[in-house]
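Read-outs: derived from the displayed coordinates by stated rules, not from any lab. Not measured: the values here are computed from a predicted model. Don't worry about glycine lacking a Cβ; one is built from the backbone with ideal geometry, like all the others, and counts go over all protein chains shown.
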């Protein structure tokens, strides 16, 4: 037993923890949980806890259903919303098959493998997400548009407003769990908020995002509202993204920084961006994995729908934020397509792999887009070599199906299941008769 595991067992005894929740994530990014008594934890560290993998989305077929969850002691945190005593704690888990071999369906392991690949090239991978979400009133009838908790806009300060009080409570809870928050504010749409997490290695960030989504929903319930990470819940307002800043480090040196270069961006940084751009269409089904995701991307409101990069251009897919001369370590790239409802482990894995491909293959970075890409005509975009992202989940699936990069990153099991599930989602969506159709056609045809 290592020191971290010993620390967990000691803390559980000292803080009167009676329930330990083991968290893991299915292939679609849904958080799963099983509770064990503290007495079972030592065995869980040593051997894991068995469960039926065939009952979890994408984990196993019926005839190979026996699987194990093994808690990662470094992720131990007491859950602040479960009361003071007796307490409840949680740990994220790695998924194993009997015999201690890694499960091919473990989202955390998909990201860990990608990060190990970066490590072989000498890089550490860091991420910093800006997470947007909506707060709505409770009690909206099914099928009716949700009612936002306020009518505020971007950066609005609403004294004693639900959003203001909500963010304060949520940030307090996040920081009590060791998740550092950098910024928070009201976003552009009614009821829409943003909370930005401080940068960390990508695996810790993905764990933090899963915790974040749980905390936000718990605080919302406590305050009598409900929270949603749906990418585009309101037709006439911007959707919710998860703009993520990415950086690679070689030891303590920022591999993206080069003093005196344009935008202080190194050759490695330019090749990384080129990789993200070239492979953006084929990874879109992972970074934007829902039917509704494409209504955000193609709904305007500064959502990126075209494959281009820029410096201070918020219509671009990839942005190089303003450089601070005194902070060379802060040089980074911002990916603006990803939404906050994705599986963060898989999304960060494919982004990393795409960027590394650009470095390994020496991709050339195309000219930056200086104009508002949304204001250009299709012909003007074609003349500039600016291609569109997929228009729909169906198109994204078709691009992913032909992608060796995504198949290698996710592994055969996750790749095949993910595609099957997304095809089924598209088929279900395509078969629906929508309110739009009824309103437009029912009486006129």
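In terms of surrounding Cβ atoms within a 10 Å radius of their Cβ, 342, 93 rank from fewest to most as 342, 93.
Starting from 0.36 nm per residue, how many nanometres of slack lie between residue 416 and residue 329 once their C-alpha separation is accounted for? Write out the running numbers ahead of the final one.
Working: separation 87, 0.36 × 87 = 31.32 nm, distance 3.87 nm.
My answer for the length gained is 27.4 nm.
Each of residue 7 and residue 401 was given a label point 7 Å from its Cα along the Cα-to-Cβ line. The distance between the two points is 4.8 nm. Packing order of peptides 116-123, 266-273, 73-80, highest average first: 266-273, 73-80, 116-123 (average count of other Cβ atoms within 10 Å over each peptide's residues).
For region 1-18 versus region 370-445, the inter-centroid distance based on Cα atoms is 47 Å. Helical runs assigned H by DSSP (4 residues or longer) give the chain a calculated mean residue ellipticity at 222 nm of -11500 deg cm²/dmol, each run adding -39500 (n - 2.57) before division by the residue total.
Residues 165, 150, 378 in ascending order of nearby Cβ atoms (within 10 Å, fewest first): 378, 165, 150.
Across the chain, Cα-Cα distances exceeding 34 Å account for 34% of all pairs.
Using per-residue counts of other Cβ atoms within 10 Å, averaged over each peptide, order 427-438, 182-193 from highest down.
Details: 427-438: 10.1, 182-193: 19.8.
In decreasing order of mean packing, 427-438, 182-193 become 182-193, 427-438.
Only alpha carbons enter this Debye calculation for region 297-445, each as an equal point scatterer, and the log10 of I(q)/I(0) it gives at q = 0.15, 0.16 Å⁻¹ is -1.00, -1.10. The mean sequence distance of close C-alpha pairs (under 8 Å, at least 6 residues apart), as a share of the length of the chain, puts its relative contact order at 14 percent.
A simple spin-label model places the labels of residue 383 and residue 429 3.3 nm from each other, with each point 7 Å out along Cα-to-Cβ. Take 205-213, 306-314 and order them by the average number of nearby Cβ atoms within 10 Å per residue, most first; the result is 205-213, 306-314.
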